[in-house]
Amino acid sequence: MPSPTTVETLALRVQVSAFAGPTLPPGYAELLREGLGGICLFGPNTEAGEHSVRRLAAEIRSASAEGGWAPVITIDEEGGDVTRLEALTGSSVLGAAALGAADDLALTEETGRAIGLRLARAGINLNLAPVADVNSNPDNPVIATRSFSRDAGVAAKHVAAWVKGLESAGVAACVKHFPGHGDTGQDSHVSLPVLDASLETLRDRELVPFLAAAEAGVASVMTSHIMVPALDPELPGTLSAPVLGLLRELGYEGPIVSDALDMAGASAIRGIPAAAVLSLAAGADLLILGPDKPTSLVRDTAAAIVAAVESGELPLERLQDAVARTDKLLADFAGAQQRPEAALDPRFEERSLEGARRALATASDDLSEIPHLAGAQVVTVDTEANIAVGDVPWGLPPDIVVRPGDPLPDLPDAPLIVQVRDAHRRPEVGRTVAELPGAVVLVEWGWPGTYDGPRLPRLCPQGFSLPGVAAVTEVLRRSGWGR
């Protein structure tokens, strides 16, 4: 077994990679024995269900234990629109925007706890959630309903409550995306967004939820691949010492986790190994490489880190400090999963539905405007989800699916309940709705912004979830919908 103090081992310990499929590949088992920091689970790893995930997590832990290590096993489980464990059915809990709109802190904390209990059962010890971004830009293509609010104070108190609930179940939280991805109009998966805000605005808005999370004892914080000229005009946050240094100045001492380094905002210009070195040098402690990566990338990244230490570009002490912070997180949460005090409120499902009703009421039109819906059919205007959400179910089960720009199919002579996502930032959706002569109700499952399509009574559940479906269905049935 290699010594845990060797640079080669440390260069593996700071990496979290991912592979496709529900079983541990031999090459990854070997990397875990050698010291690979951990595995991030994505949709292809979880689609076989929770039992399969639990078995996979046990395989990961076993391989790491053979080398004498404890692994990070992590996932993006935000609830609502972003779910991995419930990707085939849709999330059984409310997402952030609906929770913020319902504004019931006890429900938000219980939602974090519900997710934590599910993750703990599956053997996962770090959840890359919740989102702490303030969605102040309604045209944001990647945050939107993943944010608790456009108001920094509302977002802050719900972030803290969700973190408290999650960590009460023995699963570490990772608030994201520091210093704040909410006031951007681009997706850092595919481009390099710019947050053009003054330092004063950052302190008054973007940083407020992160401070609340730190005060709530959050275990880790994730970076964002965005340019923040007020802090660093040259490098994106994940690679920027001034940006990550600001997080330390705020008093946060836990591990800093990079967003996935395969995203364009981090590595499109320089490649993943070089981005990894820059991120470590800037102050990141744990590097997420991204989904479905070959073992060769892990080894190439480790080699780049070792070379950077040997050349003096990356101080050995910085690498040792990064590993020490993650090891402390693992030690703090070891054996803490499924604590007795983390039992779920037996009324949680009922309270979630009540929260969904409140969220729906806060953003929807006057429900008395909905016409009689006897015989109505559901039309989905299908649009591609952002990469963070992925290809998961959303909305009511449709009778008809149309895509903007495609010829319309034959439509029934019946009222149409039309459902959309983020129509306010997609003019083509409004044009498609205008082509549906039977449209009488619009259900907006995305961010409830103002759009230029036909004026229809609009229901806005503020993100997709199964409680949201139940709340929307109740309203439609009161108007005569028979499904």
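Listed here are the helices (runs of 4 or more DSSP H) enclosed by segment 282-377 that have at least 2 residues being under 24 Å from the mean Cα position of the chain (by Cα), surrounded by 16 or more Cβ atoms within 10 Å (Cβ to Cβ) and among the charged types (D, E, K, R): 316-333, 348-363. Applying the condition of being open to solvent by less than 10 Å² (accessible area, probe 1.4 Å) and not in a helix (DSSP H, G or I) to segment 192-212 and asking which residue is farthest from VAL142 (Cα to Cα) yields LEU195. Check whether at least one residue in segment 225-244 is touching a residue at least 24 places away in the same chain (Cβ under 8 Å) and within 20 Å of LYS328 (Cβ to Cβ), and report yes or no. Checked against the condition, which is being touching a residue at least 24 places away in the same chain (Cβ under 8 Å) and within 20 Å of LYS328 (Cβ to Cβ), segment 225-244 yields at least one hit. Once segment 391-425 is narrowed to residues that are in a loop (DSSP other than H, G, I, E, B) and of a type in the set (Lys, Arg), the residue that is farthest from VAL93 (Cα to Cα) is ARG403. Is there a residue in segment 40-51 that is more than 16 Å from the chain's Cα centre (by Cα) and at pLDDT 95 or above? For segment 40-51, residues more than 16 Å from the chain's Cα centre (by Cα) and at pLDDT 95 or above: absent.
If you go through segment 129-146 and keep only what is part of a loop (DSSP other than H, G, I, E, B) and either of a type in the set (A, V, I, L, M) or out of contact with any Lys or Arg (no Cβ under 6 Å at 6 or more places or on another chain) (or both), you end up with ALA129, PRO130, ALA132, ASP133, VAL134, ASN137, PRO138, ASN140, PRO141, VAL142, ILE143.
Under the condition of being of a type outside the set (Gly, Ala, Ser) and in a helix (DSSP H, G or I), the residues counted in segment 114-128 number 5. Contact map, segment 434-452: first residue within 24 Å of VAL389 (Cβ to Cβ), second residue of a type in the set (Val, Ile, Thr) and assigned to a loop (DSSP other than H, G, I, E, B), Cβ cut-off under 7 Å, separation 6 or more or different chains; pairs are VAL441/ILE370. Counting only residues that are open to solvent by 10 Å² or more (accessible area, probe 1.4 Å) and either part of a helix (DSSP H, G or I) or under 14 Å from LEU192 (Cβ atoms) (or both), how many does segment 245-259 have? Residues in segment 245-259 being open to solvent by 10 Å² or more (accessible area, probe 1.4 Å) and either part of a helix (DSSP H, G or I) or under 14 Å from LEU192 (Cβ atoms) (or both): 4 in total.
Listed by first and then second residue, the pairs with beta-carbon distance under 9 Å, at least 6 apart or on different chains, first residue in segment 422-433 and within 15 Å of LEU459 (Cα to Cα) and open to solvent by less than 10 Å² (accessible area, probe 1.4 Å), second in a helix (DSSP H, G or I) and of a type in the set (Val, Ile, Thr), are ALA423/VAL429; ALA423/VAL433.
Yes/no matrix, rows are residues, columns are (1) modelled with pLDDT of 95 or more; (2) over 27 Å from PHE348 (Cβ atoms):
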residue	(1), (2)
PHE19	yes, yes
LEU31	yes, yes
ARG61	yes, yes
GLU78	yes, no
LEU85	no, no
THR108	yes, no
ALA120	no, no
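From the list HIS181, HIS189, the lone residue that is part of a loop (DSSP other than H, G, I, E, B), open to solvent by 40 Å² or more (accessible area, probe 1.4 Å) and at pLDDT below 95 is HIS189. Annotation: of all residues in segment 440-460 being open to solvent by less than 20 Å² (accessible area, probe 1.4 Å) and not in a loop (DSSP other than H, G, I, E, B), the one that is farthest from ASP410 (Cα to Cα) is LEU459. When segment 127-157 is filtered for residues that are touching a residue at least 60 places away in the same chain (Cβ under 8 Å) and either within 11 Å of the chain's Cα centre (by Cα) or open to solvent by less than 20 Å² (accessible area, probe 1.4 Å) (or both), the ones remaining, listed by number, are LEU128, ALA132, ASP133, VAL134, ASN135, ASN140, VAL142, ALA144, THR145, ARG146, PHE148.
The set of residues in segment 13-23 being under 16 Å from VAL323 (Cβ atoms) and open to solvent by 10 Å² or more (accessible area, probe 1.4 Å) consists of ARG13 alone.
Against the conditions (1) touching a Leu at 6+ places or on another chain (Cβ under 7 Å); (2) closer than 18 Å to ASP76 by Cα, THR184 satisfies every one except (2). For segment 76-93, the criterion of being open to solvent by less than 20 Å² (accessible area, probe 1.4 Å) and assigned to a helix (DSSP H, G or I) is met by none of the residues. When segment 213-244 is limited to residues that are open to solvent by 20 Å² or more (accessible area, probe 1.4 Å) and either touching a Phe, Trp or Tyr at 6+ places or on another chain (Cβ under 8 Å) or in a helix (DSSP H, G or I) (or both), the one that is farthest from ASP259 (Cα to Cα) turns out to be GLU215. Taking the criterion of being open to solvent by 20 Å² or more (accessible area, probe 1.4 Å), part of a helix (DSSP H, G or I) and not charged (D, E, K, R), the residues of segment 27-46 that qualify are GLY27, GLY43, PRO44.
The values are calculated or read from the model by the stated rules, or taken from the named source; none is laboratory data. If you're wondering where the values come from, they're calculated on a predicted model, not measured in any experiment. Positions of Cβ are backbone-derived with ideal geometry, glycine not excepted, and every protein chain shown enters the neighbour counts. The accessibility values were calculated without ligands, DNA or RNA, using every heavy atom of the protein model including side chains. Shrake-Rupley method; radii C 1.70, N 1.55, O 1.52, S 1.80 Å.
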